[in-house]
Amino acid sequence: MLSCERIIALVFALGLLIAGALSASAQNFDAALAGFTKDSYNDTDSAIGAVAASGNPLALDVIQALQDGRLLFSGDKVFIKDKAGATLDAATGKPAAAPADAANVRLNNRLRRSVEAALGGLTLMSNDPARRYEAAQAVFKSRDANALATLDAALARETDTRVKRALSEARAAVILYQPGAAENDKIAAIGSIKERADQDARGLLAGLPGGQSATVQKAAADAIASIDNRLALWNMVQNAWYGLSLGSVLLLAAIGLAITFGVMGVINMAHGEMVMLGAYVTFVVQEIIRARNPALFDYSLFIAVPLAFLFAGSVGILIERSVIRFLYGRPLETLLATWGISLILQQAVRTIFGPTNKEVGNPSWMSGAFELGGITVTYNRMWIIVFTLAVFAALLGLLRYTRLGLEMRAVTQNRQMAASMGIRTARIDALTFGLGSGIAGIAGVALSQIDNVSPNLGQGYIIDSFLVVVFGGVGNLWGTLVAALTLGVANKFLEPFAGAVLGKIAILVFIILFIQKRPRGLFALKGRAVEA
Amino acid sequence: MDARTTSALLYLDAVSVSFDGFKALNDLSLTVEAGEMRAIIGPNGAGKTTMMDVITGKTRPDKGDVYFDGSHDLTSLDETQIAELGIGRKFQKPTVFEMHTVEDNLRLALKDDRTARATLAWRETAAEQARIGEILGVIRLGPVRRRVAGSLSHGQKQWLEIGMLLAQDPKLLLVDEPVAGLTDVETHQTAELLREIARVKTVVVVEHDMTFVRELGVKVTCLHEGSVLAEGTIDQVSANERVVEVYLGR
Amino acid sequence: MTSSPLIRALDRSAVTFILVLVAIGVIVPLLNLALPPSSPWHVPTYLVALWGKYVCYALLALSIDLIWGYCGILSLGHGAFFALGGYAMGMYLMRQIGTRGVYADPIRPDFMVFLNWPELPVYWYGFQHFAYAALMVLLVPGLLAFVFGWFAFRSRVTGVYLSIITQALTYALMLGFFRNNFGFGGNNGLTDFKDILGFNVQAQPTRAALFAISVAALILGFLICRTIVASKLGMVLISIRDAESRTRFLGYRVENYKLFVFTLSACMAGVAGALYVPQVGIINPSEFAPGNSIEAVIWVAVGGRGTLIGAVLGAAVVNYGKTTFTSGLLAPYWLFVLGSLFVLVTLLLPRGIVGTVRHYRGAWRERRNAAHGRGAQAAPKPAE
């Protein structure tokens, strides 16, 4: 608090300076620069403020150089060493050789904060709105009183609403931490910060220095409570979003299994490997595109989806024809045989592509994120949810409205009757299994965007997928949907309390107990049909 | 339920069961007196097997009362407890233990201590051996007693299952389609066998085969859409217009 | 059929098999200890340890065969019971290290010192006593199996549903044991053992003794299984396997039977794990990996499920194959072999090695008897 008065004086001076239509003179700037030559922290500090306030076009370069340790002094001259190593005269910006005895202007932590604040203030005037916004955010965090004048000036001419809001929030933060500010101003400032309602705003209010008047304290406490409510709400929304995202991944992985296991009753332990194959198809497609026609990269996933479906589907049909069809009615044997197939497929991919993770890129429309209220939404997660729902709808439609779907349902309900109606049941079996596998392949394309593409990719999903199908009720696609989303959301809501691993264990234990209670899942079929 | 509420051995009152909206049993009421043999007929889907499932505890009714021996509420017991009370069941599809020999199938069915500990320390008594021999005689499977049950013909399996019912020594036998897939001679022999059993036991037979039911010569209950359509002698029932309608679809 | 269950258990093949096991249990340690390394008959200590590992695997296979081969319960989580038994033994061995550890803490194992745990967690108490640890080897897997089975069997979770949730069980345990704050050494597990009951675990005589003890445990396990299988209880188990609801309608309380064999089987797996740990010198969470449990199932399938001898044989054969393959140039192809084994055995050899041999021998006898006009009286049951 030693320098309080000095700062106030300085701020006052700066305010005058800037109010004077930024009529900074070269003398001011030179005088300010001289502060750097004293090799004393206090003088450097005031020099930073003075330079920042000078309005000289070189001010930003000087402060930036100071921050990077590129500001030298020798006698009464100050030099900037640019990034290439050449030296400039700080007063003129012209190249000038620095004497051999030139030393760095030293900084300590207190000064670094001043430097940051000064930089924030300087960029507040930048022509680029994004930089102005960032600068306002920086001031909001540093609450540097020196910046107040600049802030006011910036606010006066700001036109961009987003930046304007950030500026007034920053201004409110500064005022709130200014010991001498009027109570009314402080209350107004609290109101403005309350509107911001994020973690930073809360921290700002909670860290308010002591000695505030009762009204201010109450206003701050109320604001904190209100922010807490908003934060809790957004936290819920964020968790729900993450849960939805995880649920869609689970659904994507389980949806093919809902066909092979749920509809056909075949335990396919190699299901995860079908997903893995789909991911590798994506990898190969991208490699070819990179080598042949990089311009197509953004379309790589559209090419990979049908290919992955066809490839994984054909592998599925091959497995059905060569192994599974001999094992119908022997579920435990099917389980073991398909586990063997999964080992073979994993090792085959390991032999061909190597055991390490493969780089699968995100197309431009899948990368990045946008803010939605208080949450951040990444494009890849969002598109995966959309994609999953599209696949789900397509599958429902296929089963309900096509001839193939009709025949599939007929065969699974009453094989003999279907056969006697002239349906070639063997062909339907192979196609159904191929469909389930193909969908797993499609899932692989989507998962390649968010997971490591390695031969073990499928292993991570197989247990979860089975649990989703069992939890939802075998033979019920809607059950699978509800189960996947429920488990996803439940997992994400448990994580903050229990941690990721314990949350997962809790979910597993829950499902184990749930299956005991309702062995046929959430949406169980009833009646004689289930006795078979 | 400590006091007897009915003199009947088996008492079903207003029992309803529905599967996903389909009413398999609809207000079914039926009583079977001790010592009686009753034949249940009815077209497919009339609820015969579901009724068996309700009596043996496999299916829980949505509403209605099921009492055995006047004092046991079967709706609150599970399959094992009901079997221990003395209700034996032969399935529609013959289910015997295919990997066990004919003898062992009967041995497992013999009335005995059924706890795991008792079976571990179990030694066969002469009385048990004699009883098995006796049953083998009744079901005429003596010559194949050491064969694996899976290698028996369809008819022999039906009979083995009836033999297992006898070995259980139940008070009430539920016999579901005992002559399905049998030859005429076998059907005739089965009828004889069941009549013999009915002398000492209460028997409920579910059957499609009218010749067989006629041969049994007992009171007949005809089920339709989950409730009783007609009851009486076979001649009365087959003369009933509604029964004819149901069977012939007129 | 009127003799005591134990006598009934000892038919000719069982007696022969036990004699062979006894011979192995005596001869291998003798050849290792009594002969000088220069002798062509000398069995090197590393082989004793390796074979000891196979013997433990054989006991695990036996425990799986008891429930899968005879009762139709396909557990894909038996590795969990094996690992729990192993951890119980590992905890004893850790406590024996005492001040010889890197941090020389007399009470806390090294990893606790490393993680700055101020004191020993309560569940580590008592493990310095061998008897307590031995009790836990049986009790922990047994109790878990009992509680799990009590829920699962009462609510009639059967078939693949049971397989899937047993797999989920071992998966959940694996995730848990990988965590440092579970208090079992996290990722690294328990290792660097020094001695067992005062004998150096690395020493040649200890290794030979551990081998002999493992064989003895295997014989005991075989006898227990054989007694169960040959009793009326065994008949009920097979009935449950082949027609569960029929068994129930006969008045047998199926869930109690399942619970009994499942718990017993878990205890056997626990013992196998406990004997395994001092011989391989480490126990870590990867033992809980679902893949391990399924691999153990394939040993049983290869040897012949529903034939106890087959389970033991299968474990030995497959693991011998694994050692041969993974220690040479063929290492990358082992998973192809193992995978094909899963497929081919289920497709072409569903009875397994021993089951197939018995099947053909039985068929041959029947034909011969028929040729002699004596009738097909003594056809052996396909399942022991």
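Quick notes on this structure:
- When C:Phe193 is tested against the conditions (1) more than 12 Å from chain B (Cβ to nearest Cβ); (2) assigned to a helix (DSSP H, G or I), the lone failure is (2).
- Meets criteria (open to solvent by less than 10 Å² (accessible area, probe 1.4 Å) and within 14 Å of chain B (Cβ to nearest Cβ)) for C:Arg246: yes
- Output for the range A:201-216, where each listed residue is in a helix (DSSP H, G or I) and either hydroxyl-bearing (Ser, Thr, Tyr) or surrounded by 15 or more Cβ atoms within 10 Å (Cβ to Cβ) (or both): A:Ala201, A:Arg202, A:Leu204, A:Leu205, A:Thr215, A:Val216
- Any helices (runs of 4 or more DSSP H) falling wholly within the range B:82-191 and containing at least 3 residues that are within 8 Å of chain C (Cβ to nearest Cβ): B:102-109, B:116-120
- The one condition in (1) in a helix (DSSP H, G or I); (2) buried (at least 19 other Cβ atoms within 10 Å of the Cβ) that A:Asp144 fails to fulfil: (1)
- Hey, A:Ala348 more than 14 Å from every other protein chain (Cβ to nearest Cβ) and open to solvent by 10 Å² or more (accessible area, probe 1.4 Å) or not: no
- Selected residue (criterion: nearest to C:Asn256 (Cα to Cα)) from residues of the range B:71-81 that are within 9 Å of another protein chain (Cβ to nearest Cβ) and more than 15 Å from the chain's Cα centre (by Cα): B:Thr80
- The residue that is most open to solvent (accessible area, probe 1.4 Å), among those in the range B:161-216 that are hydroxyl-bearing (Ser, Thr, Tyr) and at pLDDT below 90, is B:Thr211.
- Test for A:Leu301: is it buried (at least 21 other Cβ atoms within 10 Å of the Cβ) and away from chain C (no Cβ under 14 Å): yes
- Matching residues in the range A:502-521 - criterion: being farther than 21 Å from C:Phe177 by Cβ, more than 7 Å from chain C (Cβ to nearest Cβ) and touching a residue at least 12 places away in the same chain (Cβ under 8 Å): A:Phe514, A:Arg520, A:Gly521
- Consider the range C:138-152 and keep the residues that are crowded, with 21+ Cβ neighbours inside 10 Å and under 19 Å from A:Leu508 (Cβ atoms). The one that is farthest from the other protein chains (Cβ to nearest Cβ) is C:Pro141.
- Residue within the range C:5-12 that is modelled with pLDDT of 90 or more and open to solvent by 10 Å² or more (accessible area, probe 1.4 Å) present: no
- C:Ile67 vs. criteria at pLDDT 95 or above and under 23 Å from C:Gly149 (Cα atoms): yes
- Residues in the range A:74-106 that are open to solvent by 30 Å² or more (accessible area, probe 1.4 Å), of a type outside the set (D, E, K, R) and closer than 18 Å to A:Tyr41 by Cβ: A:Ala103, A:Asn104.
- Selection within the range A:147-170 - touching a residue at least 24 places away in the same chain (Cβ under 8 Å) and in contact with an Asp or Glu (Cβ under 7 Å, 6 or more places away or on another chain): A:Leu167
- Unmet requirement for B:Phe68, which otherwise passes all of (1) among the hydrophobic types (A, V, I, L, M, F, W, C); (2) within 14 Å of chain A (Cβ to nearest Cβ); (3) open to solvent by less than 10 Å² (accessible area, probe 1.4 Å): (2)
- Matching residues in the range C:249-268 - criterion: being open to solvent by less than 20 Å² (accessible area, probe 1.4 Å) and without any contact (Cβ under 8 Å) to a residue 60 or more places away in the chain: C:Phe249, C:Leu250, C:Gly251, C:Tyr252
- Filtering the range B:185-206 for residues that are out of contact with any Gly (no Cβ under 6 Å at 6 or more places or on another chain) and more than 26 Å from B:Phe97 (Cα to Cα) leaves a non-empty set.
- Scanning the range C:153-172 for residues that are at the interface with chain A (Cβ under 7 Å from one of its Cβ atoms) and either among the hydroxyl-bearing types (Ser, Thr, Tyr) or assigned to a helix (DSSP H, G or I) (or both) gives C:Ser155, C:Gly159, C:Val160, C:Tyr161, C:Ser163, C:Ile164, C:Ile165, C:Gln167, C:Ala168, C:Leu169, C:Tyr171, C:Ala172.
- Boolean, B:Gly57 is at pLDDT below 90, within 22 Å of B:Glu177 (Cβ to Cβ) and either under 18 Å from the mean Cα position of the chain (by Cα) or acidic (Asp, Glu) (or both): yes
- At least 2 residues being open to solvent by less than 30 Å² (accessible area, probe 1.4 Å), free of Cβ contacts under 8 Å to residues at least 60 places away in the same chain and away from chain A (no Cβ under 13 Å) is the threshold, and among the helices (runs of 4 or more DSSP H) wholly inside the range C:269-380 those reaching it are C:352-371.
- The condition of being within 14 Å of another protein chain (Cβ to nearest Cβ), open to solvent by less than 10 Å² (accessible area, probe 1.4 Å), closer than 17 Å to C:Val271 by Cα and hydrophobic (A, V, I, L, M, F, W, C) does not hold for C:Leu76.
- Residues of the range C:1-50 satisfying the condition of being of a type outside the set (A, V, I, L, M, F, W, C), touching a residue at least 40 places away in the same chain (Cβ under 8 Å) and more than 14 Å from chain B (Cβ to nearest Cβ): C:Asp11, C:Ser13, C:Gly25, C:Pro29, C:Asn32, C:Thr45
- Taking the criterion of being over 23 Å from B:Ser16 (Cβ atoms) and in contact (Cβ under 8 Å) with a residue 40 or more places away in the chain, the residues of the range B:221-250 that qualify are B:Ile234, B:Val237, B:Tyr247.
- Only one of B:Met99, B:Met51 that is open to solvent by 20 Å² or more (accessible area, probe 1.4 Å) and either in contact with a helix residue (DSSP H, G or I) (Cβ under 8 Å, 6 or more places away or on another chain) or closer than 26 Å to B:Val246 by Cα (or both): B:Met99
- Which numbered condition A:Ala225 misses (of (1) modelled with pLDDT of 80 or more; (2) closer than 22 Å to A:Ala154 by Cα): (2)
- When C:Arg108, C:Arg207 are checked against the criterion of being open to solvent by 30 Å² or more (accessible area, probe 1.4 Å) and in a loop (DSSP other than H, G, I, E, B), C:Arg108 stands alone in meeting it.
- Odd one out for C:Arg179, checked against (1) more than 7 Å from chain A (Cβ to nearest Cβ); (2) farther than 16 Å from C:Leu264 by Cβ; (3) open to solvent by 30 Å² or more (accessible area, probe 1.4 Å): (1)
The values are calculated or read from the model by the stated rules, or taken from the named source; none is laboratory data. Just so we're clear, the structure is a prediction, and the values are computed from it rather than from any experiment. In this analysis, Cβ positions are derived from the backbone assuming ideal geometry, glycine residues included, and neighbour counts consider all displayed protein chains. Protein only, heavy atoms only, side chains kept; ligands, DNA and RNA dropped before computing areas. Shrake-Rupley method; radii C 1.70, N 1.55, O 1.52, S 1.80 Å.
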